[in-house]
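**Student:** Pasting in a structure now, in structure tokens, and then I'll have a few things to ask.
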Amino acid sequence: MTRPAVAVTGLGLVTAAGIGVEPTWSGVCSGVSTARKDPALAGIPVDISCTVPGFDARRHVGRRSVLVHDRFTQLAVVAAREAVADAGLDPASWDGARVGVVVGCGLGGVATWEKQYRTLLDDGPGSVSALLIPMLIPNMVAGHLAMEFGARGPNLVTATACASGATAIGTALDLLHDDVCDVVLTGGTESGVVPLMVSGFAQMGALSSRRLDAPAAASRPFDADRDGFVISEGSGMLVLERQADARARNARTRALLAGYGASADAHHITAPDPEGTGMTAALEAALAQAGATAQDVDHVNAHGTSTPLNDVVEARALRKALGTGPAVTSAKGVLGHALGAAGAIEAALTVLSVERSLIPPTANLSTLDPAVEVDVVAGEPRQRAVEVAVSNSFGFGGQNAVLAFTSA
């Protein structure tokens, strides 16, 4: 069956590099890490993070948002507003019944959960907020975006751990292919930089802990001396519509979302399959749907977490599926790991690489791990025509999601 081409017509980003697409892109291209000591994590074994600078919910979202939205929803609202405006769409004039919202989120309102649990212990159940549940549950981010934009179509939140944002975008692609929607606002959001979550990741050995006094050097994807990721927060949102519809309204197409592949390792609760079999399957599925071959791929925006095992396994899967031709990068050296939002943020960055023929460097890569036998961009951005690119996202539980983008 012939599937309609799907255009990316809008992007929105809120990340540790800044609020907006351009500040984030500039930050990632600079190759300078955003990691820092985090006063909110004082006393926690790992007290560094990458958080959104200068984010004032009252100013960016509105005074009421402070009362009814957890931070993970606030970040998504700001990114979504930018994406819809970037697409040149007016929610007041669209057919809301044909507009869907699909957002990925791995944790939900953990800041609210932690704050209200302390309230319960300190002051008793009568002091717990009546808004605890709507602020906490992950699906509310999609619900709030639907209210914001009058989107009455399918309204979903996907939870596939660190693949959540990419899974959401792939699900949105299916809604357009199946003619369920004409427009889908999709992406991911997460704000899990709270003591309980950071303690949990630290206890399992997932976080970088060697460079707590030099946080900017801590996240170093594919480097021989990496020891874990730096936790982050953020949101990435995309507006998707059929290319024919975008052309009919003379909208700019930044890139085409041409394929989506998903798989499960069925191997371990946190560790990837050491042979990268599931990762390879997802890559191959995304390319098959895009009608592309391994030789066509110019660029890979890697999951690249800076953890010892993941980076080697991902490189193994890339070499097996794609060879050594594509230029590979990981944004997590600059932005840290935004968990359920990472796949959407990195998808947006992949779109920009396709559109601008520029591949950002992998920060802090001083000595490539000898086991990483792929072409990793380091030092400076690399100018290169990007006709086909893939964005990888892999989550705990062995959940893999790969998006394939092509030039318009």
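**Student:** Of D86, D56, which residue is touching a Leu at 6+ places or on another chain (Cβ under 7 Å), surrounded by fewer than 23 Cβ atoms within 10 Å (Cβ to Cβ) and assigned by TED's automatic domain parsing to the domain that holds V14?
**Tutor:** It is D86.
**Student:** Based on what the data block shows, is P53 modelled with pLDDT of 95 or more and within 18 Å of S219 (Cβ to Cβ)?
**Tutor:** Yes, satisfied.
**Student:** Let me ask another. Just to be sure, is E148 among the acidic types (D, E), at negative phi and crowded, with 24+ Cβ neighbours inside 10 Å?
**Tutor:** no
**Student:** Can you name every residue in the range 384-396 that is surrounded by fewer than 17 Cβ atoms within 10 Å (Cβ to Cβ) and out of contact with any helix residue (DSSP H, G or I) (no Cβ under 9 Å at 6 or more places or on another chain)?
**Tutor:** Residue satisfying the conditions is A385 alone.
**Student:** Sticking with this structure for a sec: Sort out which residues of the range 366-383 are in a loop (DSSP other than H, G, I, E, B) and farther than 19 Å from D296 by Cβ, and write them in order of number.
**Tutor:** Correct list: S366, T367, D369, P370, A371, V372, E373, A378, G379, E380, P381.
**Student:** Okay, moving on. If you check every pair at least six apart or on different chains, which have Cβ atoms under 9 Å apart with a residue in the range 102-118 that is over 17 Å from L75 (Cβ atoms) and touching a residue at least 60 places away in the same chain (Cβ under 8 Å) first and a residue that is surrounded by 24 or more Cβ atoms within 10 Å (Cβ to Cβ) and of a type in the set (G, A, S) second?
**Tutor:** Once the first residue is over 17 Å from L75 (Cβ atoms) and touching a residue at least 60 places away in the same chain (Cβ under 8 Å) and sits in the range 102-118, no partner that is surrounded by 24 or more Cβ atoms within 10 Å (Cβ to Cβ) and of a type in the set (G, A, S) comes close enough.
**Student:** For residues that are buried (at least 24 other Cβ atoms within 10 Å of the Cβ) and of a type in the set (D, E, K, R), tally how many sit in the range 7-44.
**Tutor:** Adding up the residues that qualify gives 0.
**Student:** Same structure again: How many residues, within the range 207-225, are among the aliphatic types (A, V, I, L, M) and at positive phi?
**Tutor:** Result for the range 207-225: 0.
**Student:** Now for a separate question. What about L283, is it in contact with a Gly (Cβ under 7 Å, 6 or more places away or on another chain), aliphatic (A, V, I, L, M) and over 28 Å from R210 (Cα atoms)?
**Tutor:** Yes; evaluated as a whole, the condition is true for this residue.
**Student:** I want to confirm something. Restricting to the range 331-364 and keeping residues that are among the β-branched types (V, I, T) and closer than 26 Å to I48 by Cβ, which single residue is nearest to the chain's Cα centre (by Cα)?
**Tutor:** Result: I345.
Yes or no, residue by residue, for (1) in a loop (DSSP other than H, G, I, E, B); (2) crowded, with 24+ Cβ neighbours inside 10 Å:
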| site | (1), (2) |
| --- | --- |
| A202 | no, no |
| S209 | yes, no |
| L212 | yes, no |
| D245 | no, no |
| R252 | yes, no |
| L257 | no, yes |
| H268 | yes, no |
| E275 | yes, no |
| A281 | no, no |
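**Student:** Going by the structure shown, is A321 surrounded by fewer than 24 Cβ atoms within 10 Å (Cβ to Cβ) and in contact with a His (Cβ under 6 Å, 6 or more places away or on another chain)?
**Tutor:** Spelling it out, it is not the case that A321 is surrounded by fewer than 24 Cβ atoms within 10 Å (Cβ to Cβ) and in contact with a His (Cβ under 6 Å, 6 or more places away or on another chain).
**Student:** Can I ask one more? Of the residues that make up the range 343-354, is at least one farther than 18 Å from T186 by Cβ and not β-branched (V, I, T)?
**Tutor:** Yes: the range 343-354 contains one or more residues that are farther than 18 Å from T186 by Cβ and not β-branched (V, I, T).
**Student:** For the range 1-58, give me each residue that is in a helix (DSSP H, G or I) and among the β-branched types (V, I, T).
**Tutor:** Matches in the range 1-58: V21, T24, V28.
**Student:** Write out, first by first residue and then by second, each pair whose Cβ atoms fall under 8 Å of each other, whose residues are 6+ apart or on separate chains, and whose first residue, in the range 183-202, is in the same structural domain as L145 (by TED's automatic domain parsing) while the second is basic (K, R).
**Tutor:** Every condition considered, the pairs that remain are V183/R98; S191/R71.
**Student:** Sticking with this one: Condition (residue is of a type in the set (G, A, S), in a loop (DSSP other than H, G, I, E, B), under 30 Å from G200 (Cα atoms) and out of contact with any Lys or Arg (no Cβ under 8 Å at 6 or more places or on another chain)) applied to the range 384-400: is it met by at least one residue?
**Tutor:** yes
**Student:** Here's something else I'd like to know. Pairs under 6 Å by beta carbon, first residue closer than 12 Å to T186 by Cβ in the range 72-86, partner modelled with pLDDT of 95 or more and assigned to a helix (DSSP H, G or I), six or more apart or different chains?
**Tutor:** A76/V141; A80/L145
Yes or no, residue by residue, for (1) without any contact (Cβ under 8 Å) to a residue 60 or more places away in the chain; (2) farther than 20 Å from A344 by Cβ; (3) not assigned by TED's automatic domain parsing to the domain that holds I269:
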{"residue": "P370", "(1), (2), (3)": "no, yes, no"}
{"residue": "E373", "(1), (2), (3)": "yes, yes, no"}
{"residue": "A385", "(1), (2), (3)": "no, yes, no"}
{"residue": "N392", "(1), (2), (3)": "no, no, no"}
{"residue": "N400", "(1), (2), (3)": "no, no, no"}
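The values are calculated or read from the model by the stated rules, or taken from the named source; none is laboratory data. Since this is a predicted model, take the numbers as computed values, not measurements. Note that each Cβ is placed from the backbone with ideal geometry, even for glycine, and that neighbours are counted across all protein chains shown.
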